[in-house]
């Protein structure tokens with residue numbers, strides 16, 4: 001099943017670390033601004049709009065179903 | 001995987017270990033091959049025996065790599081059986097070490113030692129200041145586990161250990177139960193182990209919170225006042241478990257407070273039941289403070305319990321005589337929701353080497 005990890009900027013390094021440690025260094029990831037937790041609906045919608053195309057592209061990429 | 005580094009002298013080796021992020025920020029004993037080999041010999045096990053893999057890096061927790069971390073922490077060979085017991089407990093899948101290492105919460109593994117190992121592998125302090133400085137076994141054993149989590153598990157602050165602040169127990173966090181002064185059966189006996197067995201009970205907790213209680217032997221309400229103070233402290237409003245209603249909390253009862261409850265007729269079972277009952281906040285309050293996590297109140301006065309059951313509250317005796325006990329609230333997260341995990345300390349595996357400690 002195609003999958004993509006959504007990773008906020010503050011956790012990008014951890015995402016890289018975990019991807020390597022579990023043997024999936026090329027797992028598709030999309031970066032978005034931090035923080036979003038508790039940021040409110042307007043911010044959530046802006047962030048979602050900003051990364052929507054990236055998510056679709058990542059899911060369509062060959063590695064997304066790995 | 002372990003690699004052999006080269007350095008011109010001890011000082012350069014230490015600086016290199018700091019540069020590589022292999023320390024906890026404090027100086028370590030440089031784990032030369034000779035020192036590690038002596039520690040391995042003291043374990044009575046081959047260096048390549050693996051206790052499992054340690055997350056989030058999935059490093060191999062072999063006797064050799066654990067021994068290297070024990071050397072770095074300043075352990076004596078006598079301490080190693082407890083270190084190995086702590087690592088076994090940490091590697092138990094129920095402990096959720098990978099998630100515990102990676103979380104933004106400040107959780108750290110609290111090492112509680114019971115049975116003869118308290119003396120044979122120490123002495124491991126349980127009285128005055130047991131969670132503070134001054135006790136080599138406590139400091140070194142807890143630090144060895146942390147250095148394993150750093151060097152085998154790969155925990156690095158801001159990269160793979162995402163604790164927003166952490167707490168000082170992430171340097172070292174180990175004490176024994178004061179079984180001799182306790183009016184209650186020892187923790188490991190209550191868990192079903194023989195009194196002659198030695199165990200490590202590992203609980204992921206916040207930093208200790210002090211709990212003041214001034215007793216009055218003439219006041220019949222004293223036991224309830226003490227229990228209520230401890231219970232509300234276990235459910236302190238900022239703690240995860242107050243909001244999640246789960247995890248494992250720890251109470252370290254000082255001898256005076258334990259005596260108050262003993263005189264009132266409590267045993268371990270009735271004690272944790274009484275604490276659980278009181279470790280709660282009004283559901284209406286929780287719903288108001290955290291509407292995204294706590295469901296709307298069924299009734300304004302209905303309690304929202306900070307733990308799922310009395311079994312999720314661990315009580316040990318410890319500390320000096322006086323006004324203060326401690327509670328250690330919980331993380332209450334991870335796939336298994338932060339249970340306590342107990343492992344046997346295998347004293348019969350240890351190989352006694354006279355004079356080794358002095359080298």
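Every read-out reported here was derived from the displayed coordinates using simple, explicitly stated rules and does not represent laboratory data. Note that the structure is predicted; figures quoted are calculated from it, not measured. All Cβ positions, glycine included, derive from the backbone under ideal geometry; neighbour counts span all protein chains shown.
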(request) Rounded to the nearest 10 degrees, what's the angle between the helix B:63-73 long axis and the longest principal axis of chain B, both from Cα atoms, 0 to 90? (result) 80
(message) Run the simple label-point estimate for residue B:196 and residue B:49 please: 7 Å along Cα→C-beta, distance reported in nm.
(response) 2.1
(message) Cα atoms only: what Rg and Dmax, in Å, come out for region B:207-330?
(response) 14.5, 46
(message) Using the basic label-point model (7 angstrom from Cα toward the beta carbon), what is the residue B:270 to residue B:290 distance in nanometres?
(response) 3.2
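Could you list B:276, B:331 in order of exposure, starting from the residue whose Cβ has the fewest other Cβ atoms within 10 Å?
On the way: B:276 22, B:331 26.
Lowest to highest Cβ neighbour count: B:276, B:331.
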(request) Quick one: among B:334, B:25, B:44, which has the greatest mean-square fluctuation in a GNM of chain B with alpha-carbon springs under 10 angstrom? (result) B:25
(request) Could you pull the Rg and Dmax for the protein assembly as shown, using just the Cα atoms, both in Å? (result) 23.4, 76
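Test of understanding: what is the full-extension gain from residue B:92 to residue B:324, defined as 0.36 nm times their sequence separation minus their Cα-Cα distance?
My answer for the length gained is 80.3 nm.
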(request) Out of all DSSP beta bridges with both ends in region B:207-330, state the antiparallel percent to the nearest 5. (result) 65
(message) Below 8 Å between Cα atoms, with a sequence gap of 6+, how large is the relative contact order for chain A in percent?
(response) 45
(request) Sort B:11, B:307 so the one with the fewest other Cβ atoms within 10 Å of its own Cβ comes first. (result) B:11, B:307
(request) Between residue B:302 and residue B:11, take the C-beta separation as r, use R0 = 56 Å, and let me know the FRET efficiency to the nearest 0.05. (result) 0.35
(request) Return the FRET efficiency for the residue pair residue A:9, residue A:59: r is the Cβ-Cβ distance, R0 is 22 Å, and the value is rounded to the nearest 0.05. (result) 0.60
(request) Translational diffusion coefficient, Stokes-Einstein: compute it for chain B using the Kirkwood radius over C-alpha pairs as Rh, at 25 °C and 0.890 mPa s, and state it as an integer in µm² s⁻¹. (result) 117
(request) Name the most mobile residue of A:56, A:22, A:36, meaning the one with the largest mean-square fluctuation, in a Gaussian network model of chain A with Cα contacts below 10 Å. (result) A:22
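Any chance you could list the semi-axes, whole Å, largest first, of the equivalent ellipsoid that the Cα gyration tensor gives for region B:167-256, using √(5λ)?
Working: eigenvalues 107, 91, 33 Å².
For region B:167-256, the ellipsoid semi-axes come out as 23, 21, 13 Å.
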(request) Determine, for each peptide in B:253-260, B:205-212, A:9-16, B:149-156, the mean count of other beta carbons within 10 angstrom over its residues, then list the peptides with the highest first. (result) B:149-156, B:253-260, B:205-212, A:9-16
(message) Between residue A:33 and residue B:58, what is the label-point separation in nm under the 7 Å Cα-to-beta-carbon projection?
(response) 3.5
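Suppose only helical runs count, i.e. DSSP H with n ≥ 4. What mean residue ellipticity at 222 nm does that imply for chain B under -39500 (n - 2.57) per run, divided by all residues and rounded to the nearest 500 deg cm²/dmol?
Result for chain B: -9500 deg cm²/dmol, rounded to the nearest 500.
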(message) Please check: in the Gaussian network model of chain B (C-alpha springs, under 10 Å), which one of B:315, B:200, B:214 has the largest mean-square fluctuation.
(response) B:214
(request) Would you order B:39, B:162, A:1 from fewest to most other beta-carbon atoms within 10 Å of each residue's own beta-carbon? (result) A:1, B:162, B:39
(request) Kindly work out what percent of the DSSP beta bridges joining two residues of chain B are antiparallel, to the nearest 5. (result) 75
(request) Return a whole-number percent for the relative contact order of chain B, with Cα pairs under 8 Å and 6 or more residues apart as the contact set. (result) 22
(message) Just to confirm the number: angle between the C-alpha axis of helix B:10-19 and the first principal axis of chain B, 0 to 90 degrees, nearest 10?
(response) 50
(message) Once you keep just the Cα pairs under 8 angstrom separated by 6 or more residues, what percentage relative contact order results for region B:9-122?
(response) 23
(message) If I fit a long axis through the Cα atoms of helix B:136-151 and take the longest principal axis of the Cα atoms of chain B, what angle between them do I get, 0 to 90°, rounded to 10?
(response) 80
(message) P(r) for region A:5-65, please, calculated from all Cα pair distances in 5 Å bins and given in %.
(response) 4, 18, 24, 23, 18, 10, 4, 0
(message) Just to confirm my numbers, what's the Cα centroid distance between region B:152-176 and region B:1-54 in Å?
(response) 19
